[in-house]
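First comes the structure, then the notes that go with it.
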Amino acid sequence: MIAIIDYNAGNLTSVRLALEYIGADCEITSDPKHILAAERVIFPGVGAAGAAMAELRKLGLLDTIKTVVDNNTPFLGICLGTQVIFEFSEEDGGTACIGLVPGAVKRFSSSDPMCKIPQIGWNTVQIEWPHPLFEGIKDSSEFYFVHSYYPSVAARSYVMGQTEYAGVCFASAVGIGSLFAVQFHPERSGRVGLKMLENFSKWVPLC
Amino acid sequence: MLIKRIIPCLDVRNKKVTKGVKFRDNVDLGDPIEMAVAYSEGGCDELVLYDITASAERRPIDIDLVREVGKVVHIPFAVGGGIETLDDIYSVLNAGAEKVSVNSLAVKNPAIIAEGAKRFGSQCIVLGMDPVKSDDEKFASGYEITTRGFREFTGMDALDWAKKAEDLGVGEIVVNSVDADGTRDGFELNLTRLISTNVGIPVVASGGAGTPQHLVDVFSEGAADAAIVASMVHSGDYTIRQIKEELARAGIPVRCTW
C-alpha cells in the first residue's frame, strides 16, 4: 500500500489515477497511523509553502513525515512536497520548513520577458546519479513542471537530477537513503513519469 | 529554454468530438476518450477538452467524461465549458483534470478567478478569451472580447482584460482568435504577440493552425508559449510528430521523445 499524504495542498487525484494505472495499491490519507503503516509514502502538493507548513502542523503530520523517513520507508516528494522538505523557503515572506534536505527554496527571477514565471511545461532532467528511480529512463528525458520557486541544495551529494530554467541550474531531483524528491510532476509526465512511479512502487532502498 | 507545447483541443458535443469554423457549422469527428489517448500516445504535450454545449444548455459539465479521460491520460489536461461555481472547479479537478478553463464566467464574475486561484492555485486556473477584431477606437489593442461562443460582445479590450486576469491570479491565458478559428489560414500573430509580450504568464495561441509552418510562426513571430491545434490534426492531414519535426528543424525547442 502506498499512502498519498493529503494536507489540503492541491489536487491528489492525478497521483492516485497514475498509481492505479500502473497497478499500485494506494490510499489518499491524512491519518498519521495510516501513513506510518504504509509500505511507501508519497508526499505531493501544489500551492504555497507557508500555508502548507501551517496545515501540516495543524494535522500533526510534521513528526509523521520525519518518522517515515527515519524508518527508511520509501518516500517520494513531488513539487511542493519536495520544497517543504528543505530547511527554508523564500515563499510567503520566508517560511521555515521541515529540514530533511539541507538547502533553501528560492524564487526564479528573470529579466527576459520571454521567460515566463511560473515555469509551466516540459523541461529536461539531466541525470546526475544513476538512482534506482531513474531506471529505464533516458538521460535528458522531459518531465512536466509547474513552479515559481526552485530548490537550491546545500550539499552536492543530494543532487540526483538537474534542470535549467530562467538562468539557473537547479536540483530537479534530490535523494538520500529512502528519500527521493522531485520538483516536476511524474504523474503528469506521460510514459517517463509512469516509469518513475513504477520504479518507486518497487524500490527497496539500501539502508 | 522551456519547451514549446503543442495542445490538441477536443470540442465535445453530445459525447462526440466536433469542429466548426468561426464557432459555427460543427461536424462530429470521433470519440473523445479514444482521441485523447491517441493524441497523448502520439506525443502531444497537453490536451484541452471543452464541453461546448454545457453553457448553452445550462447544464453542468460532463464530469463522467472528465473522469474517463483522467483514468487513461497521464499528461496535463485542461477542461472548460459549463463552469459556474468554485464547486464546479473543484469537481473538475477532483475528476483528474490538471486545469480548469474559465471564459464567459470570468467576464461575468471576475472575482471567481481570484477565489479559484487562492483555493486551488493559480496554475490550475486558465483564462480562455475569445477576442474579435474591431475598428472601434475605444479598443486600444484593436480587439474586443466576446463571450458565450461569439454570441455576445462585452465592450472590453482584449489586452486590458488579459492584464486584469493576470492581476486576479490566472496561471495562463488561452487567446482564441474568433477571426482565425477553424480557418486553417494561420494564427493571428499580432494578437498573440501583443498579449504574450505584455503579460508575465504563459500565453497559449489558439485558432487558425493549418500547417506546421503556422506553428513555427506563432512560436517565433507570435511569441506564444504554447499553441492549440484542432482541425489540422483532427482531419488526419498532420500528426503531432510531423508538426514537432518541423518545429525542431526551425530551431524551436520541442519534446521529441515520449
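The values are calculated or read from the model by the stated rules, or taken from the named source; none is laboratory data. From a predicted model like this one, the values you see are computed outputs, not experimental measurements. Using ideal geometry, Cβ is built from the backbone for each residue, glycine included, and neighbour counts are taken over all protein chains shown.
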task = Please find, among B:V132, B:V126, the residue that is in contact (Cβ under 8 Å) with a residue 24 or more places away in the chain and within 14 Å of chain A (Cβ to nearest Cβ).
result = B:V126
request  = Please identify the pairs in which a residue from region B:177-201 that is at positive phi has its Cβ atom under 6 Å from the Cβ atom of a residue that is assigned to a loop (DSSP other than H, G, I, E, B) and buried (at least 22 other Cβ atoms within 10 Å of the Cβ), counting only partners at least 6 apart or on another chain.
outcome  = B:G186/B:G208
query = From the set of residues in region B:72-89 that are β-branched (V, I, T) and part of a loop (DSSP other than H, G, I, E, B), which is farthest from the other protein chains (Cβ to nearest Cβ)?
reply = B:T85
ask   = Which residue, of A:V15, A:V46, is within 13 Å of chain B (Cβ to nearest Cβ), assigned to a loop (DSSP other than H, G, I, E, B) and among the hydrophobic types (A, V, I, L, M, F, W, C)?
value = A:V46
remark   = Flagged in region A:102-116 as surrounded by fewer than 18 Cβ atoms within 10 Å (Cβ to Cβ) and within 14 Å of another protein chain (Cβ to nearest Cβ), in numbering order, are A:R107, A:S109, A:S110, A:S111, A:D112, A:P113, A:M114, A:C115
request  = Just give me the residues in region B:45-59 being free of Cβ contacts under 8 Å to residues at least 60 places away in the same chain and buried (at least 17 other Cβ atoms within 10 Å of the Cβ), in sequence order.
outcome  = B:L47, B:L49, B:Y50, B:D51, B:T53, B:A54
request  = Would you point out the residue of region A:159-195, among those that are touching a residue at least 24 places away in the same chain (Cβ under 8 Å), part of a strand (DSSP E or B) and within 14 Å of chain B (Cβ to nearest Cβ), that is nearest to the chain's Cα centre (by Cα)?
outcome  = A:S172
task = Please work out which residue is farthest from the other protein chains (Cβ to nearest Cβ), limiting yourself to region B:150-180 and to residues that are part of a loop (DSSP other than H, G, I, E, B) and of a type outside the set (D, E).
result = B:R151
query = Which members of region B:90-123 meet the condition of being surrounded by 20 or more Cβ atoms within 10 Å (Cβ to Cβ), within 14 Å of chain A (Cβ to nearest Cβ), in contact with a strand residue (DSSP E or B) (Cβ under 7 Å, 6 or more places away or on another chain) and in a helix (DSSP H, G or I)?
reply = B:V92, B:L93, B:G116, B:Q123
task = Considering (1) free of Cβ contacts under 8 Å to residues at least 24 places away in the same chain; (2) in contact with a Phe, Trp or Tyr (Cβ under 9 Å, 6 or more places away or on another chain), say which one A:K33 fails and leave the rest.
result = (2)
ask   = For A:P130, all conditions in the list (1) more than 16 Å from the chain's Cα centre (by Cα); (2) surrounded by 15 or more Cβ atoms within 10 Å (Cβ to Cβ); (3) not charged (D, E, K, R) hold save one; what is the number of the exception?
value = (2)
Residue that is nearest to the other protein chains (Cβ to nearest Cβ), among those in region A:18-43 that are part of a helix (DSSP H, G or I) and of a type in the set (G, A, S) = A:A18
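Being assigned to a loop (DSSP other than H, G, I, E, B), surrounded by fewer than 21 Cβ atoms within 10 Å (Cβ to Cβ) and of a type in the set (D, E) is the filter here; which residues of region B:225-258 pass it? Reasoning before the result, please.
Keep residues of region B:225-258 that are assigned to a loop (DSSP other than H, G, I, E, B), which gives B:225, B:230, B:235-239, B:250-258.
Next cut, surrounded by fewer than 21 Cβ atoms within 10 Å (Cβ to Cβ) only: B:235-239, B:250-253, B:256-258.
Scanning region B:225-258 gives a single hit, B:D237.
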request  = Provide a single number: the residues in region B:79-106 that are over 19 Å from A:R16 (Cβ atoms) and either within 16 Å of the chain's Cα centre (by Cα) or touching a residue at least 60 places away in the same chain (Cβ under 8 Å) (or both).
outcome  = 10
key: Selected residue (only one of A:G136, A:G177, A:G99 is surrounded by fewer than 18 Cβ atoms within 10 Å (Cβ to Cβ), modelled with pLDDT of 95 or more, in contact with a strand residue (DSSP E or B) (Cβ under 6 Å, 6 or more places away or on another chain) and not hydroxyl-bearing (S, T, Y))   = A:G99
message = If I go through region B:181-224 residue by residue, how many of them are within 14 Å of chain A (Cβ to nearest Cβ), assigned to a loop (DSSP other than H, G, I, E, B) and either more than 15 Å from the chain's Cα centre (by Cα) or among the aliphatic types (A, V, I, L, M) (or both)?
response = 9
